[in-house]
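See below for the structure under consideration.
Just so it is clear, none of the values below were taken in a lab; they were calculated from the coordinates. Fair warning: this is a prediction, and the values are worked out from it, not measured in the lab. All Cβ positions, even for glycine, are placed from backbone atoms using ideal geometry, and neighbour counts span all protein chains on display.
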Amino acid sequence: MTASEQSRQLDASIRVSRGDFELEVELEVVGQQTVVLLGPNGAGKSTVVDALAGVCPIDAGRIVVDDVVVDEPATATFVPTRLRGLGIVFQQYRLFGQMSVLDNVAFGPSAQGARRATARRRAAAVLELLGAAELASRSPRDLSGGQAQRVAIARALAVEPRLLVFDEPLAALDVEVRADLRRALVDISADTGALVITHDPTEAFLLADQIVVVEGGRVTQRGDSEAIRTRPATPYVAALTGTNLLRGAAHTGVITLGRGLTLHAADTHTVGPVVVTIDPVAVALHRAEPNTSARNKWSSAVVAVEALGERVRVVLGEPFELVADVTPAAVEALDLRPGVTVWASVKATELQVRPASN
Amino acid sequence: MTARRRTEERTPLLLGVLASLGIALVAIPLVGLLIRVPWSDLGSLLSSDVVLDALRISLISSVAAAALSTLLGVPLAWLLARRRFRGRRVVRAAVTLPMVLPPVVGGAALLFALGRRGVVGEPLDDLTGVVLPFSLAGVIVANTFVAMPFLVLTVEGALSNSDRGVEAAAASLGASSLRIFWSVTLPAIAPSLRAGIVLAWARALGEFGATVTFAGNLQGRTQTLPLAVFVSLENDRDAALAMSLVMVAVSFAVLLGLRDRWWNSR
């Protein structure tokens, strides 16, 4: 499917004033895209959720969900929460404590007019898709965080939402949940986009097709993970992207990154597609090939050098992009500046290896 | 078994004495009552016409009053807890008034409003032929008037403390306000609702002043247990004792039943 054929699940221009706080955010989710709204506490993320959910009417702008205008002050349009076609996975999940898991998931279809038996069949099917069928008769009070999350997702999906909104998922959406979620989405409807609201950069980088960074009520940067990670636009973004993220295939501790490049990891158990994260502080830089016990070393060109408070972030280019955080003294001693070739080394134990979702 | 260790400070003598007097004040009348109960004649005493009639009227009127209090009181509590409207404080004060008002005054007020010549009573009589005073319906109205505040306050408290987020979640799933109220809000406050219903019922069961003022004291029609006890004290002390015993037993059972749900949690 090309972009032009894909429907817009969300097209929002949100303006809200609350006392001295001004929120002004533009958001778009196209097709099955996952957009992550990333920002620190107090940036206005929860106000965005409230505005989308219809809890807080916007003061100006327009919110369109799947081609239906749901909030537009200029035309006095306001569609109540229940008719917005959103599937919201709330912070703390907000499951109905007095109902079984099955009835929690059946609640939506039933509220939208399905007969009880039909709603329950549908609920069972969605739970099955999310690998939570065995939880059906349990009480939400007896679920672990991860189980509650699956149930909350199932409950949101059961109403066939046009947009799935995750409000600060407490338990990180782990690889398995994401795989199940993707399968469920494919099965339920082709065009359910997802908006994830979070302050957790790791979550953002793992999930996002697009990241929208919001700070102090304003969008400060938007782009894909790569763009945000390598070209942070503000100190906040730079600080929170303090993680190198590489994709590759693991086999007995050797990670192949493509083009014949390999890294050694202490983790020898994980096999198959992986996501590797390396703390920039763990990357050591040298002027010449180092005589070190570190198992990963390579020479690379310095692309950029940026001051980050008391540390300096060095962006390395070929053979793969990587950031290293070093002291200002090291920058001087190694004469680090764009264009210079340096040696980088990383200990195998510093590679965090996690299975990728596909 | 090991010797029990003293793990608390000694109770100050003054407090201990005063507390004991407090217990005595409540316990002595109860003991006095129990001592005087004619246990051997209890069966025949409790099966007399007067007692059976009073039991029946009390049971019907208190259960009906509890039901009516629930039907009207729960929506009222919801309104007070969840909606901001002009005069909310005044409404809340008015609704709770019967808790502090002398019941006789409540009964008099009912009489002036709903009596045969009352502001509402007269047109009601003219239009429908319904006459409340000195009827079983009147007993139920008087009981509800006095009992409903207990339910409203209990339920309103629970609603104010309950998690609104869950209701927002239900709304996002497409549920109407009424459905949310019925299948999410009410189940969440069920323990408090139960406590409120039982409290209202117990208050209705013990109602005296408003009932006697508004509905009179007609055996078989409006004479409830408390009224029958009061009358019997004049002419048949044993019957009064037997009925008193029934009331004490019921009240005690209610309090024990509420123990965990209500007062420990406060």
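Shape class for segment A:217-338, computed from the alpha carbon gyration tensor (a ≥ b ≥ c): oblate, with a/c not under 1.5 and a/b at or below b/c.
Ranking B:L18, B:L46, B:P103 by Cα position along the charge dipole of segment B:15-116, where only Lys, Arg, Asp and Glu carry charges on their C-beta atoms, puts B:P103 farthest toward the positive end. Projecting the Cα atoms of B:G220, B:A142, A:V68 onto the dipole axis of the protein assembly as shown, where Lys and Arg carry +1 and Asp and Glu carry -1 at the beta carbon, places B:G220 farthest toward the positive end. Taking every alpha-carbon pair in chain B and binning the separations at 5 Å intervals from zero gives 1, 6, 10, 12, 14, 14, 12, 11, 8, 6, 4, 2, 1, 0, 0, 0 percent.
With a cut-off of 12 Å between beta carbons, the residues surrounding A:A282 carry a summed charge of -2, where Lys and Arg count +1 and Asp and Glu -1. Amide H to amide H distances under 5 Å link A:T77 with A:E72, where only residues 5 or more positions off or on other chains count and H is placed in the peptide plane. What does the C-alpha gyration tensor say about the overall shape of the protein assembly as shown? Classify as rounded when a/c is under 1.5, otherwise prolate if a/b is larger than b/c, or oblate. Prolate. With springs only between Cα atoms under 10 Å, which of A:G223, A:G339, A:G317 fluctuates most in a Gaussian network model of chain A? Comparing A:G223, A:G339, A:G317 in the GNM, the peak value goes to A:G339. Per-residue shielding of A:52-65, expressed as the average number of other chain Cβ atoms within 10 Å of the residue Cβ, stands at 1. Put in line by how crowded their Cβ is, counting other Cβ atoms within 10 Å and starting with the fewest, A:K45, A:K347, A:K297 read A:K297, A:K347, A:K45. Taking every DSSP bridge with both residues inside chain A, close to 75 percent are antiparallel. Compared with the dominant Cα axis of chain A, that is its longest principal axis, helix A:175-188 is turned about 40°. Each peptide in B:17-24, A:75-82, A:157-164 was scored by the mean count of other Cβ atoms within 10 Å over its residues; highest first, the order is A:157-164, A:75-82, B:17-24.
Under 5 Å from the amide H of B:F134 lie the amide H atoms of B:A215, B:G216, each residue being 5 or more positions distant or on a separate chain, with H modelled from the backbone and absent for Pro and chain starts.
Over chain B, Cα pairs under 8 Å with separation of 6+ residues give a relative contact order of 30 percent.
All alpha carbon pair distances within chain A were sorted into 20 Å bins beginning at 0; the resulting P(r) in whole percents reads 27, 50, 21, 1.
Result for chain A in a Gaussian network model with C-alpha springs under 10 Å: among A:S13, A:S46, A:S293, the largest mean-square fluctuation is at A:S293. Taking chain A as a Gaussian network of alpha-carbon nodes connected by springs under 10 Å, the highest mean-square fluctuation of the residues A:A330, A:A123, A:A208 belongs to A:A330.
Neighbour counts of C-beta atoms inside 10 Å place B:S48, A:S7 in the sequence A:S7, B:S48, starting with the fewest. Between A:Q112, A:I88, A:S144, the Cα set farthest toward the positive side of the dipole of segment A:86-171 (charges on each charged residue's Cβ, about the Cα centre) is that of A:Q112.
Quick check on chain B: helices-only [θ] at 222 nm, where DSSP H runs of length 4 and up contribute -39,500 (n - 2.57) each and the sum goes over total residues. Nearest 500, please. About -23500 deg cm²/dmol.
From least to most packed, judged by other beta carbons within 10 angstrom and beginning with the fewest, A:I228, A:I278 follow the order A:I278, A:I228.
What's the average, rounded to a whole number, of partner chain beta-carbon atoms within 10 Å of each residue's beta-carbon in A:88-95?
Taking the mean over all residues of the peptide, I get 4.
Think of each Lys and Arg Cβ as +1 and each Asp and Glu Cβ as -1; about the Cα centre, that makes the dipole of segment A:35-104 roughly 180 debye. A straight line joining the Cα centroids of segment B:178-255 and segment A:17-83 runs 53 Å. For chain B, hydrophobic long helices are taken as DSSP H runs at least 18 Å long by C-alpha position along their axis with mean Kyte-Doolittle hydropathy of 0.5 or more; these are B:13-36, B:49-82, B:88-100, B:136-161, B:190-205, B:237-258. Legend: mean number of C-beta atoms from other chains within 10 angstrom of residue C-beta atoms, peptide B:177-186, equals 2.
Classify segment B:47-163 from the C-alpha gyration tensor, please: rounded if a/c falls under 1.5, else prolate or oblate depending on whether a/b exceeds b/c. Oblate. Tell me, what is the percent relative contact order of chain A, built from C-alpha pairs under 8 Å that lie six or more residues apart? Relative CO of chain A lands at 16 percent. Amide hydrogen proximity for A:N296: with H placed 1.01 Å from N in the peptide plane, the residues at 5 or more positions away or on another chain lying under 5 Å are A:V346, A:A348.
Seen against the Cα atoms of chain A and their longest principal axis, helix A:101-111 is set at about 60 degrees.
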